[in-house]
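Student: Dumping the structure here so I can ask a few things about it.
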Amino acid sequence: MKVFDPGSEIGKPAVTHYHVLERFGYVTLVQCVLETGRTHQIRAHMKSIGHPLFGDERYGGTEILRGQRSTTYRAFIQNCFRLCDRQALHAKTLGFAHPTTRQQMDFDSEWPQDFAALIGKWRAFIKGTTQDTFAD
């Protein structure tokens, strides 16, 4: 999937609104609200603005694009990839209009353990508590 210029007449319309929740240096926790539901929509949109999802191999999220490139930092990133060995993407709330009643149905889900641990690891890194940062 790819993002095309609006006037190109290629592809289908897709709209993603995002809001920064927390910054961890060169990694940022964001909330996305979708107006449309295209395949890989969040992944493609975030890559198109130069911010692929952490751990997203297909869209460039397994590369260090910015920031430190020291051996220590690379080891920290590799530990993060092992901690959460998937795209760091979680659907906190999903909703739809019920097909019969048209009533809005919303469902919430807490962060999975690996995602929560990854966020905790980044928070510790930013605070400078490196003694725990590099633990597997």
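Student: Can you give me the % of accessible surface on the chain that is carbon or sulfur? Probe 1.4 Å, all protein chains present, nothing else counted. Walk me through the numbers on the way to the answer.
Tutor: Details: 4850 of 9400 Å².
The nonpolar share, carbon plus sulfur, comes to 52 percent.
Student: While we're looking at this one, here's another question. Work out from phi, with θ = phi - 60° and the Karplus expression 6.51 cos²θ - 1.76 cosθ + 1.60, the ³J(HN,Hα) of each residue of region 103-113, listed in order in whole Hz, and give x for Gly and Pro.
Tutor: Computed from phi, the couplings for region 103-113 are 6, 5, 10, 10, 10, 10, 9, 6, 4, x, 4 Hz.
Student: Would you work out which of S109, V33, H45 lies farthest towards the positive end of the dipole of the chain, given +1 charges on the beta-carbon of Lys and Arg and -1 on that of Asp and Glu, about the Cα centre?
Tutor: H45
Student: Between R86 and I10, how many nm apart are label points set 7 Å from Cα along the C-beta direction?
Tutor: 3.2
Student: Beyond 12 Å, what share of the Cα-Cα pairs of region 27-67 is found? Please give it as a whole percent. Spell out each step's value before the answer.
Tutor: Working: 484 of 820 pairs.
Percent of Cα pairs beyond 12 Å in region 27-67: 59.
Student: Can you tell me the relative contact order of region 1-76? Whole percent, Cα pairs under 8 Å, sequence separation 6 or more. All intermediate terms of the calculation are to be shown ahead of the outcome.
Tutor: Values: 81 pairs, mean separation 17.6, N = 76.
Computed value for region 1-76: 23 percent relative contact order.
Student: In the set (i) 1.21; (ii) 1.02; (iii) 1.33, which value of Cα Rg over 2.2 N^0.38 Å was calculated from the structure you see?
Tutor: (i)
Student: Tell me, what is the percent relative contact order of the chain, built from C-alpha pairs under 8 Å that lie six or more residues apart? Don't skip to the end; give the middle numbers.
Tutor: On the way: 151 pairs, mean separation 23.2, N = 136.
Over the chain, the number comes to 17 percent.
Student: Turning to a different aspect of this structure: How much mean residue ellipticity at 222 nm does the chain get from its helices, if each DSSP H run of length 4 or more adds -39500 (n - 2.57) and you divide by all residues, to the nearest 500 deg cm²/dmol? Intermediate results must be reported in sequence, preceding the final value.
Tutor: Details: 4 runs with 40 residues, N = 136.
Value at 222 nm, helices only: -8500 deg cm²/dmol.
Student: Note the angle between two axes, namely the Cα long axis of helix 71-83 and the longest principal axis of the Cα atoms of the chain, as a number of degrees from 0 to 90, rounded to the nearest 10.
Tutor: 50
The values are calculated or read from the model by the stated rules, or taken from the named source; none is laboratory data. A quick note: this is a predicted structure, and the numbers were derived from the prediction, not measured. A quick note on method: Cβ atoms are made from the backbone with ideal geometry, for glycine too, and the neighbour counts reach across all protein chains shown. Remember, those area values only see protein heavy atoms, side chains included, never the ligands or the DNA or RNA. Shrake-Rupley method; radii C 1.70, N 1.55, O 1.52, S 1.80 Å.
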